[in-house]
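See structure below.
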Amino acid sequence: MKKTLSLAALSAAGLLTAFALTGTAAPASSPIGHWTQSSSGLELVLAPRFKLQPNYGLSTGTNLGGSVGQYSATRTTIVTEPVPMQVSRSMALDIQPNGQFSWSIEKRHPETPNGTCLKTTRTRKTGQIEQAGGRILFKVTGGTESWSKSCGGEGSAALAGSSETYAVTLEPTRMRLVDGPVNWVFRRAG
């Protein structure tokens, strides 16, 4: 197999298997290897907020320091909605010659818009990739997600199976994954 053969001309499974069986190093434009990414910027984060909503039904409104009260046309509720916040993210992505991957993500952001508490989420995804036509599919078959807050609280859970598809651009030392607002640039490590 010539190293000049383009990735677009081969299915990802066939290419990955060929390199694994022959012991030949993957071309520099292959997703095989160890990749890292770090970034910081505004992202939408789900956050709890107090919100005045119309008071439908027979119940009375509530007063949390405003002008609403009994028989009010509004009530104060706590809702969870997306809020733009500063998010710091670091990722490590390992893709093996057989197409298996391990993707570790650490994300930090304020838990509330005023920034008094920081929330850290750590995710580890494992599974299989498929690559074709300028796109890469990550079939997540397992993993875990854990979170902790600087002002108390933590938890963890297993990840359910899922899939994520990104447009991929590969260069010898860079890999760009794009999907809607996602635009991550990974650097080849080592």
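Of the residues ARG89, ARG108, ARG188, ranked by 1.4 Å probe accessible area with the largest first, the sequence reads ARG108, ARG188, ARG89. The amide H of GLY142, built 1.01 Å from its N in the peptide plane, has THR126 as neighbours under 5 Å, considering only residues 5 or more places off or on other chains.
Placing a label point 7 Å from the Cα of ALA160 along the Cα-to-Cβ direction, the residues of segment 106-129 with a backbone N closer than 20 Å are 122-128. The gain in end-to-end length when the ASN114 to THR36 segment is fully stretched comes to 25.0 nm, 0.36 nm per residue minus the alpha carbon separation.
When the solvent-accessible area of segment 92-131 is split by element, carbon and sulfur atoms take up 44 percent of it, the probe being 1.4 Å. Multiplying the residue separation of THR144 and ILE78 by 0.36 nm and subtracting their alpha-carbon distance yields 20.9 nm.
The values are calculated or read from the model by the stated rules, or taken from the named source; none is laboratory data. Keep in mind the model is a prediction, meaning the values are calculated, not measured. Cβ coordinates were reconstructed from backbone atoms using ideal geometry, including for glycine residues, and neighbour counts include every protein chain displayed. Keep in mind that these areas ignore ligands, DNA and RNA; they rest on the heavy atoms of the full protein, side chains included. Shrake-Rupley method; radii C 1.70, N 1.55, O 1.52, S 1.80 Å.
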